[in-house]
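Asker: What follows is a single structure, and I will ask about it in a moment.
The values are calculated or read from the model by the stated rules, or taken from the named source; none is laboratory data. Here the structure is a predicted model, which is why all the values come from computation and not from measurement. Cβ placement follows ideal geometry from the backbone for every residue including glycine, while neighbour counts extend to all protein chains displayed. To get the accessible areas, we keep the full protein, side chains included, count just its heavy atoms, and leave off ligands, DNA and RNA. Shrake-Rupley method; radii C 1.70, N 1.55, O 1.52, S 1.80 Å.
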Amino acid sequence: MQAVYDDIKTLGAELIVLSPELPRFSAELATKHKLTFPILNDHGCLIAKAFGLAFTLPDDLKDLYLNSFKNDLTMRNSEPSWQLPMPARFVIDRSGIIQVANVDPDYTVRPEPVTTVAILKALF
């Protein structure tokens, strides 16, 4: 998304990312990948839950995250639920109406950033 962020801003839109990670971990990620768009904290996946996008990792994935990925979500997210949001994109117009929504439980399937720009051009 960073590659099209300037295009998004030029169109008068904004890109906001929500993450259950503590802000310090999101900041590390942003620095590492030179991200300039805002990453907001969705502590406890409250917003993800409101949209029906939160899921709890099963025990086998918890083990994989802890032992293979060395990623303790209870520490990174500062809460014990082992919940994550499904990747989603919402394009919301200036009136606050969701015009386009994409979600896929497979975290490897995500909308192309250029598609987001094309949708914004059609809306604005």
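Asker: Out of ALA50, ALA3, report the one residue that is under 26 Å from ALA122 (Cα atoms) and either of a type outside the set (Ser, Thr, Tyr) or surrounded by 12 or more Cβ atoms within 10 Å (Cβ to Cβ) (or both).
Answerer: ALA3
Asker: Kindly provide the set of residues from segment 62-108 that are in a strand (DSSP E or B) and surrounded by 12 or more Cβ atoms within 10 Å (Cβ to Cβ), ordered by number. Show your work before the answer.
Answerer: Pass one, segment 62-108, residues in a strand (DSSP E or B): 83-85, 88-92, 98-103.
Those that are in a strand (DSSP E or B) and surrounded by 12 or more Cβ atoms within 10 Å (Cβ to Cβ): GLN83, LEU84, PRO85, ALA88, ARG89, PHE90, VAL91, ILE92, GLN99, VAL100, ASN102, VAL103.
Asker: Which residues, taken from segment 109-124, are more than 15 Å from the chain's Cα centre (by Cα) and open to solvent by less than 50 Å² (accessible area, probe 1.4 Å)? Steps first, please.
Answerer: Quick first cut of segment 109-124, residues more than 15 Å from the chain's Cα centre (by Cα) only: 114-115, 117-124.
If the condition is that a residue be more than 15 Å from the chain's Cα centre (by Cα) and open to solvent by less than 50 Å² (accessible area, probe 1.4 Å), then VAL117, ILE119, LEU120 are the ones that fit.
Asker: Taking only segment 20-34 into account, find how many residues are within 19 Å of ALA54 (Cα to Cα) and either aromatic (Phe, Trp, Tyr) or touching a residue at least 60 places away in the same chain (Cβ under 8 Å) (or both).
Answerer: Number of matching residues: 1.
Asker: Are any of the residues in segment 13-28 open to solvent by 70 Å² or more (accessible area, probe 1.4 Å), closer than 30 Å to PHE124 by Cα and assigned to a helix (DSSP H, G or I)?
Answerer: Scanning segment 13-28, I find no residue that is open to solvent by 70 Å² or more (accessible area, probe 1.4 Å), closer than 30 Å to PHE124 by Cα and assigned to a helix (DSSP H, G or I), so the answer is no.
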